[in-house]
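A.B. asks: The structure's right below; bear with me while I get my questions together.
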Amino acid sequence: MQLYFISHPNVQISADVPVPEWPLSELGRQRMHAALQQPWVAGISAVYSSCERKALDSAEILAGHLGLPVQRREALGENDRSATGFLPPAEFERVADEFFARPEHSVRGWETAAAAQARIVAAVQQLARSETSEGAVAILSHGAVGTLLYCHLAGLPISRQWDQAANGGGNYFHFELNPLRVYGGWTPMDGAPA
């Protein structure tokens, strides 16, 4: 089974809206539509998504293009950052750096990187076990948990070194679980420069 982990692209950030409810921005929507031209998209036969709005917006564009339903999974959500909610960008980056650097510790009340990694790995393994379609599987989710999944699959220690480029999201990596194989790192889904 071929799997594609896709991080949602650019979002409409608002300090007045809870982070899980942020939608895709217009740029994010444009990039998601551009991604539909990737040659591997035609082979997708199942679309799974985090329940957060930005991932669902992305999944709905992909699934709508393919005529498939979106299968929602809470466990595909981003690391739980509800303890802080919105943080200004520079502060968010500092906290995210610490999140990756100290994976066993809760940074300012956030879910630990180790716990988030265990959750996303289990969620992906479970959906792969239960999926019966013939083609590839697309998983629309988030950058931090995607990086944690990538580290696990590639046999790497948790590190922000393996995080997606600072291009607003909208990146993917391709892998198999049995036998375990990862085909490269994060790649922009729309061909845009990383």
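The values are calculated or read from the model by the stated rules, or taken from the named source; none is laboratory data. Fair warning: this is a prediction, and the values are worked out from it, not measured in the lab. Surface areas here come from the heavy atoms of the whole protein model, side chains and all, with no ligands, DNA or RNA. Shrake-Rupley method; radii C 1.70, N 1.55, O 1.52, S 1.80 Å.
A.B. asks: Which of the three applies to the range 6-58, rounded, prolate or oblate, going by the alpha-carbon gyration tensor with a ≥ b ≥ c and a/c under 1.5 meaning rounded? Please list the in-between numbers first.
C.D. replies: Values: a/c = 4.23, a/b = 1.76, b/c = 2.41.
Taking the square roots of the gyration eigenvalues as a ≥ b ≥ c, the range 6-58 is oblate.
A.B. asks: Mean Kyte-Doolittle of at least -0.5 plus a Cα span of 15 Å or more along the axis: flag which DSSP H helices in the chain meet both, please.
C.D. replies: Values: long enough: 53-66 (19 Å, 0.11); 89-101 (18 Å, -0.16); 113-130 (26 Å, 0.60); 143-154 (16 Å, 1.31).
Taking the DSSP H segments of the chain (at least 15 Å long, mean hydropathy at least -0.5), we get 53-66, 89-101, 113-130, 143-154.
A.B. asks: May I ask you to compute the full-extension gain from LEU36 to ARG102, defined as 0.36 nm times their residue separation minus their alpha-carbon distance, rounded to one decimal in nm?
C.D. replies: Stretched fully, the LEU36-ARG102 segment lengthens by 20.1 nm.
A.B. asks: Which of LEU148, LEU66, LEU87 moves the most in a Gaussian network model of the chain with Cα springs under 10 Å?
C.D. replies: LEU87
A.B. asks: Full extension from LEU87 to GLU74: what is 0.36 nm times the residue separation minus their Cα-Cα distance, to one decimal in nm?
C.D. replies: Length gained, LEU87 through GLU74: 2.4 nm.
A.B. asks: Just the number, please: percent antiparallel of the DSSP beta bridges in the chain, rounded to the nearest 5.
C.D. replies: Taking every DSSP beta bridge within the chain, about 45 percent pair in antiparallel fashion.
A.B. asks: Could you check how much of the accessible area of the range 123-175 is carbon and sulfur, as a whole percent, using a 1.4 Å probe?
C.D. replies: Numbers: 940 of 1950 Å².
That fraction is 48 percent.
A.B. asks: Continuing with the same structure: Of PHE173, PHE99, PHE86, which has the largest mean-square fluctuation in a 10 Å C-alpha GNM of the chain?
C.D. replies: The residue that fluctuates most here is PHE86.
A.B. asks: With a 10 Å cut-off between alpha carbons and a GNM built on the chain, which of THR147, THR132, THR112 moves the most?
C.D. replies: THR132
A.B. asks: Something else now. Taking a probe of 1.4 Å, how large is the accessible area per residue of the chain, in Å²? Don't jump to the answer; show the numbers that get you there.
C.D. replies: Numbers: 8870 Å² over 194 residues.
I get 46 Å² per residue for the chain.
A.B. asks: If Rh is defined by the Kirkwood formula over all Cα pairs and Rg also comes from Cα, what ratio Rg/Rh do you get for the range 128-168?
C.D. replies: 1.06
A.B. asks: Suppose we look only past 31 Å in the calculated P(r) of the chain. What percent of the Cα-Cα pairs does that tail hold?
C.D. replies: 10 percent
A.B. asks: Kirkwood hydrodynamic radius (Cα pairs, Å) of the range 91-194? Let's see the in-between values first.
C.D. replies: Numbers: mean 1/r = 0.0685 Å⁻¹.
Every distinct Cα pair counted, the radius reaches 14.6 Å.
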